[in-house]
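Notes follow the structure.
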There are 2 protein chains.
Amino acid sequence: MQTELSKQLGVEYAVFGFTPFPAVAAAISRAGGFGVLGAVRYTAPDDLARDLDWMQEHVDGLPYGLDVVMPAKKAEAPGGQALTEADVEAMIPAGHRQFVEETLAKHGVPGLAEGEASGWRITGWMEQVARGQLDVAFDYPIKLLANALGSPPADVIERAHEQGVLVAALAGSARHARKHADAGIDIVVAQGYEAGGHTGEIASMVLTPEAVEAVAPLPVLAAGGIGSGEQVAAALALGAQGVWLGSVWLTTTEADLHSSALTRKLLAAGSGDTVRSRALTGKPARQLRTEWTDAWDDPAGPGTLPMPLQGLLVAEAVSRIQKYEVEPLLGTPVGQIVGRMNSERSVQAVFDDLTRGFERAVERLNRIAGRA
Amino acid sequence: MQTELSKQLGVEYAVFGFTPFPAVAAAISRAGGFGVLGAVRYTAPDDLARDLDWMQEHVDGLPYGLDVVMPAKKAEAPGGQALTEADVEAMIPAGHRQFVEETLAKHGVPGLAEGEASGWRITGWMEQVARGQLDVAFDYPIKLLANALGSPPADVIERAHEQGVLVAALAGSARHARKHADAGIDIVVAQGYEAGGHTGEIASMVLTPEAVEAVAPLPVLAAGGIGSGEQVAAALALGAQGVWLGSVWLTTTEADLHSSALTRKLLAAGSGDTVRSRALTGKPARQLRTEWTDAWDDPAGPGTLPMPLQGLLVAEAVSRIQKYEVEPLLGTPVGQIVGRMNSERSVQAVFDDLTRGFERAVERLNRIAGRA
């Protein structure tokens, strides 16, 4: 399964695996794919350095990359200074804080212990946090830097290119893809409607070829709805130079969700059990539908706040829901492919299925085309 | 491009074309595909007979089919009698009628002339109307009967099978697909989120393989997001035995939209210019986003009524908007593939592109698989 891009990056399969877990990212690279470690949860640079050290020891010299969530535009106070987390916290209305507490109380969710930090934060979207991550990451031989929130700033693209690091950016429309190409990035990740996490309205079947046409000859990776080798073949038939898989790793044996209840929910969920909701970050992101997302999407409620306020507003609540495994509220970003995630498998087993399914699909197409 | 199903039906390409226009349906069959005439607009059986006579003269003896919109459950009054159109009309709140008139008045839409009938009606969903269509259709050598609204009633399936007619039903989820299979239909049309018309939440990339697995060995046709040969290859890679295309024919030279303004809007629209709205029928249907759909989807408005009330409520208004070509309000059901419908082409030219694109995609996959 070789495309120009997989050859350029020196990987066996044109399968890019995005994951927040170093053990999964390393296993993806070892299995012949390209592991991409999500950095958003690393608010402390030392934590990222520790996990990248671990990656270095476990990828057997194979290539891997990093995914950050870096806004192209700085969040600025009216005076022009960069906004701090405290500035943003101060912008959250009291009524919204009250709604969070009421919703948690309705389900009897305990508070965190005194002095216990909220484990779940998405402050990685703040430019200063993402820059701290990059200062660490550029000390490691990463081969790809992906940004989930628009094109990275020009100086970041330049720094990456100086170090021989390819830059990828996620796009939910052909227009966004073109903007990224104009900004000088190297790879577009076309994120279809069915994908987990932040996503637009255009489904992969339509978006992938539109993005390919919009940025040619730049390579496009198809993201959204892909978890089998047949789906890999479909995405490559649409002109992608590879696929970008995120959801499917969540139920691998190497993943550590810190919650067996959440793993059970993922294994049981059907493709119709996700929702594209602003509940988590303030921008539409596909995730498991839960009573938590329902509360935020309920027209009778206060509704969500814009990014970055919503993410800060719910950070502690999400940590509490996760810590106490409050099942009706417990969710995670995941795509519609969750319906096919029905057993815990190793990353290697996922790759075996992907490559066998891809071969089957190509054989089938050859028979249909009268070439068998 | 031959699958077991295309061989069974005796067509050259596994491409099924759904269209309300006899000239388009006949051209699809002549081009080597399988033309399916949409019957919903034929409220008078004689009109359908006239157009099927025309089809017979223009398909060169090649196979074709009919698509009806037949509810599996009868709409019944509390006493158990079938509801008439007048019964349903009487259930529409006055406030909704007023909203229709106000919205039309805001855009200066003239009324119809005294005695001028509303040309656009979707009473084909009423079982008695659909049964009248079937009484006509079974006198013609149709090879396929498709139902857009669930499985057809058991006696209709039986009658079709007695006449050697295959029965297809549209499904937006694997669960619906299984229900159809249990009801005894022969083919499932898996209608993805990106499709025009009534559609669910699951995108084709995910829905197609789910439906294939759910009803195997019954054949599945993939619908939604398909307008190029690369997309045909993708759908077949996902396990479909053929593709079901609807939107792409709207801008063919054989189509007769009765409105050059609407054709211009379709040619100009991007993939992001559609919306899944209840404005037209009361069930979510993808269509061009217009100020008309915006008015119905506006939380400040009265909202839509359930099917079948909404369709009757807006029937005359839609006719007036179409007759007077009131551009801001003028729309039509169409899928996200509208973004690639950028020139008027003959049906034959569409087929030439589909088959060439399919061959290109298969060659590309063979190269990627190292088989070239």
Sequence order, the range B:58-68: Karplus ³J(HN,Hα) from phi using 6.51 cos²θ - 1.76 cosθ + 1.60, θ = phi - 60°, Hz rounded, Gly and Pro as x, gives 10, 9, 6, x, 7, x, 8, x, 10, 10, 10
About its Cα centre, the range B:172-275 carries a charge dipole, from +1 on Lys and Arg Cβ atoms and -1 on Asp and Glu Cβ atoms, whose size in debye to the nearest 20 is 140 debye
Rounded to the nearest 5, the percent of DSSP beta bridges in chain B running antiparallel is 20 percent
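Whole-Å semi-axes of the range B:217-372's equivalent ellipsoid, largest first, each the root of 5 times a Cα gyration tensor eigenvalue? Please report the intermediate quantities before stating the final value.
Numbers: eigenvalues 232, 68, 33 Å².
Over the Cα atoms of the range B:217-372, the ellipsoid semi-axes are 34, 18, 13 Å.
Past the 37 angstrom mark, what percentage of all C-alpha to C-alpha distances in chain B do you count? Mind showing how you got there, number by number?
Values: 11292 of 69006 pairs.
Tail of the P(r) past 37 Å holds 16 percent of the pairs.
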Counting sequence-distant residues (5 or more places) and residues on other chains, those with an amide H built under 5 Å from that of residue B:67 are B:37, B:38, B:39, B:146
Sorted by chain and then number, the residues having a modelled amide H within less than 5 Å of the amide H of residue B:34, at least 5 places away or on another chain, are B:15, B:16, B:17
Note to self: C-alpha centroids of the range B:289-320 and the range B:321-372 sit apart, in Å, by 28 Å
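Kindly flag which residue pairs out of A:179/A:283; B:143/B:323; B:179/B:283 have an alpha-carbon separation exceeding 23 Å in this structure.
Values: A:179/A:283 19 Å; B:143/B:323 35 Å; B:179/B:283 19 Å.
Pairs exceeding the cut-off: B:143/B:323.
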Taking every alpha carbon pair in the range A:189-254 and sorting the distances into 10 angstrom bins from 0 up to the bin holding the longest one, the percent per bin comes out as 25, 54, 19, 3
Taking the alpha-carbon centre of each part, the distance from the range A:236-265 to the range A:167-227 in Å is 19 Å
A correct Karplus calculation of ³J(HN,Hα) over the range B:153-165, with 6.51 cos²θ - 1.76 cosθ + 1.60, θ = phi - 60°, whole Hz and x for Gly and Pro, returns x, 4, 5, 6, 4, 4, 4, 4, 5, 4, 8, x, 9
Partner aspartates and glutamates whose C-alpha sits under 16 Å from that of residue B:7, ignoring same-chain residues fewer than 8 away, are B:186
As a percent rounded to 5, the proportion of antiparallel DSSP bridges among beta bridges in the protein assembly as shown is 20 percent
If R0 = 35 Å, then residue A:116 and residue B:298, at their Cβ-Cβ distance, give a FRET efficiency to the nearest 0.05 of 0.20
Label points for residue A:270 built 7 Å along Cα→Cβ; distances to same position in the other copies, nm, shortest first, come to 3.5
Helix B:94-106 sits off the longest principal axis of the Cα atoms of chain B, rounded to the nearest 10 on a 0 to 90 degree scale, by 80 degrees
Amide H contacts under 5 Å for residue A:277, restricted to residues at least 5 apart in sequence or on another chain and with H modeled in the peptide plane, are A:285, A:286, A:287
Using the Kirkwood radius over Cα pairs of the protein assembly as shown, the Stokes-Einstein translational diffusion coefficient at 10 °C and 1.306 mPa s, in µm²/s and rounded to a whole number, is 59 µm²/s
Treating only Lys and Arg (+1) and Asp and Glu (-1) as charged, each at its beta carbon, one finds that chain B has a dipole about its Cα centre, in Debye to the nearest 20, of 1020 debye
Helix B:204-215 sits off the longest principal axis of the Cα atoms of chain B, rounded to the nearest 10 on a 0 to 90 degree scale, by 70 degrees
What helix-only [θ] at 222 nm does the protein assembly as shown give? Using -39500 (n - 2.57) per DSSP H run of at least 4, over all residues, to the nearest 500, the answer is -12500 deg cm²/dmol
For the range A:311-320, Karplus-derived ³J(HN,Hα) couplings (6.51, -1.76, 1.60; θ = phi - 60°; whole Hz; x for glycine and proline) come out as x, 5, 4, 9, 3, 5, 4, 5, 4, 5
The range A:1-77 and the range B:1-60 have their Cα centres apart by a whole-number Å value of 51 Å
Output row for residue B:298: copy-to-copy label distances, label 7 Å along Cα→C-beta, ascending, in nanometres, one decimal, is 2.8
Sorted shortest first, the nm distances from the residue A:108 label point (7 Å along Cα→Cβ) to its counterparts in the other copies are 6.5
Given the candidates A:303, A:288, A:355, the one whose Cα lies deepest towards the positive end of the charge dipole of chain A, counting +1 at each Lys or Arg C-beta and -1 at each Asp or Glu C-beta, is A:355
P(r) of the range B:77-198 over all Cα-Cα pairs, 5 Å bins starting at 0, rounded to whole percent, reads 2, 8, 13, 15, 16, 14, 13, 9, 7, 3, 0
The simple spin-label model distance between residue A:327 and residue A:53, using points 7 Å out along Cα→Cβ, in nm, is 4.0 nm
Under a Gaussian network model of chain A whose springs join Cα atoms within less than 10 Å, the largest fluctuation of A:222, A:90, A:49 belongs to A:90
Interface buried area A-B, accessible surface with 1.4 Å probe, both sides summed, nearest 100 Å², comes to 3700 Å²
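The values are calculated or read from the model by the stated rules, or taken from the named source; none is laboratory data. All values reported here derive from a predicted model rather than from experimental measurement. Here the Cβ is made from the backbone with ideal geometry for all residues, glycine too, and neighbour counts use every protein chain on show. Quick note on the areas: whole protein, heavy atoms, side chains included, nothing else; ligands and nucleic acids left out. Shrake-Rupley method; radii C 1.70, N 1.55, O 1.52, S 1.80 Å.
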